[in-house]
Amino acid sequence: MDKVILLNPYFSHTIWGGKKLREVFGYDEPGDDIGECWGISAHPVGESVAASGEFKGKRLSELWNEHRELFGNAEGDRFPLLVKIIDADDDLSIQVHPDDEYAKLHEDGALGKKECWYILDCPDDAELVIGHNARTADELKTMVSEGRWDDLIRKIRVRKGDVIQIDPGTVHSITAGVCLLETQQSSDITYRLYDYDRIRDGKKRELHLRKSFDVITVPAPDISGQIQKNAEQEDNSVAVLSSCDRYTVSKVKVSGGFSFNCDAGFVNATVIEGSGRVFDKEVKKGSHMLITAEGAKCIRMSGNMELIISYI
Ligand code: ZN
């Protein structure tokens, strides 16, 4: 069994996308509106494809459906996670995601969306939209209908290396200049609350107010406990960044070489800085890979690099 399978990503082009995914991460993708790189995905909207080994050319969903042994025989009707790099050249819409229960009922069996952000790069004064100030559901609807966005939304300052967990029901928006790695449930369900009245191809993008009001948590919880500030990390170590009932996200720092185990049936990994090797495979900034059950027993990395990994 291959210990690691390199993956080729899917790219999405968006109204708010930019050029960083090509110019900073080196992906061979044309256009100046590249919003997202879906590096590790088995979602039907955009799938990763194996780029190495005996399964080269297979989609990740095919591997999940036909070779579950690669994933330590993990259970589930679909590969559970999706790992993206997002380049916000402009503000994303102010949005919210449903939980599993709501999505299953209202979105044709889709998963809900918990997500975790690792800030790869951002302007010095970057602020993200997280949470809102409405005290009741009625107040929320009134503030939205009157367009009182400055009163409604909460903003928090972030820096490179910060980690933020976004639970379903949380109003949020990634703002211009922020580049981040998102680890999320394998879902593409987003309800737009506000899109800054932007126009593309002569029209505004659709809003989803009713569903947004259905799922927004009111009042919004204090999210200070969901933000982890950038912390120093020792060379050749693994630091857990965020852990919830759907995933654990960790950062790996490699200098020289080391081996580790995270007690998982399979591990998603993305190189965010530097280059090196994972087992015998050469990897560099922007490389995405699946570490299979065979490799996950004892993951061997060498070189000088940083990676974000995730597992269930
Ligand atoms: Zn989101």
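The values are calculated or read from the model by the stated rules, or taken from the named source; none is laboratory data. Here the structure is a predicted model, which is why all the values come from computation and not from measurement. When we count neighbours, we look across all protein chains shown, and the Cβ atoms used for this are built from the backbone with ideal geometry, even at glycine. Heads up: the accessible areas ignore ligands, DNA and RNA and are worked out on the full protein's heavy atoms, side chains in. Shrake-Rupley method; radii C 1.70, N 1.55, O 1.52, S 1.80 Å.
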Determine the gain in length on full extension of the stretch Glu107-Phe258; use 0.36 nm per residue of separation and subtract their C-alpha separation, reporting nm with one decimal.
50.0 nm
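Give the calculated FRET efficiency between Asp100 and Ala137 to the nearest 0.05, with a Förster radius of 25 Å applied to their Cβ-Cβ distance.
Plugging the Cβ-Cβ distance into 1/(1 + (r/R0)^6) gives 0.70.
For Arg300 and Ala239, compute 0.36 nm times the residue count separating them, minus their Cα-Cα distance, and round to one decimal in nm.
Full-extension gain reported as 20.4 nm.
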According to the Cα gyration tensor, what semi-axes, each the square root of 5 times an eigenvalue, does the equivalent ellipsoid of the chain have, listed from largest to smallest in whole Å?
33, 21, 19
Give the cross-link partners of Lys104 among the lysines, using a straight C-alpha distance below 18 Å as the criterion and excluding same-chain residues fewer than 8 apart.
Lys113, Lys114, Lys211
What whole-number distance in Å separates the alpha-carbon centres of segment 52-104 and segment 1-27?
14 Å
Report, to the nearest whole %, how much of the accessible area of segment 167-256 belongs to carbon and sulfur atoms, 1.4 Å probe, protein only.
46 percent
Charged-residue dipole, Cβ positions (Lys, Arg, Asp, Glu), segment 189-233 about Cα centre, Debye nearest 20
300 debye
Take the solvent-accessible surface of the protein heavy atoms, probe 1.4 Å, and return the percent of it on segment 51-99 that carbon and sulfur atoms account for.
36 percent
Springs between alpha-carbon pairs under 10 angstrom, Gaussian network model over the chain: which of Cys37, Cys116, Cys298 fluctuates most?
Cys298
Simple spin-label estimate for Glu282 and Asp197 in nanometres, 7 Å along Cα-Cβ
5.3 nm
Please check the chain for the longest run free of GluC sites (Glu not before Pro) that are loop-located per DSSP (anything but H, G, I, E, B) and have at most 11 other Cβ atoms within 10 Å.
235-312
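Only Cα pairs under 8 Å and at least 6 apart count here; give the relative contact order of the chain as a rounded whole percent.
Taking the mean separation of contacting Cα pairs over the length of the chain, I get 20 percent.
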Could you give the size of the charge dipole of segment 128-244 about its Cα centre, using +1 on the Cβ of each K and R and -1 on the Cβ of each D and E, expressed in debye and rounded to the nearest 20?
420 debye
Roll a 1.4 Å probe over the protein chains and send me the accessible area per residue for the chain in Å².
44 Å²
Between Lys204 and Val45, 0.36 nm times their residue separation minus their Cα-Cα distance comes to what?
55.1 nm
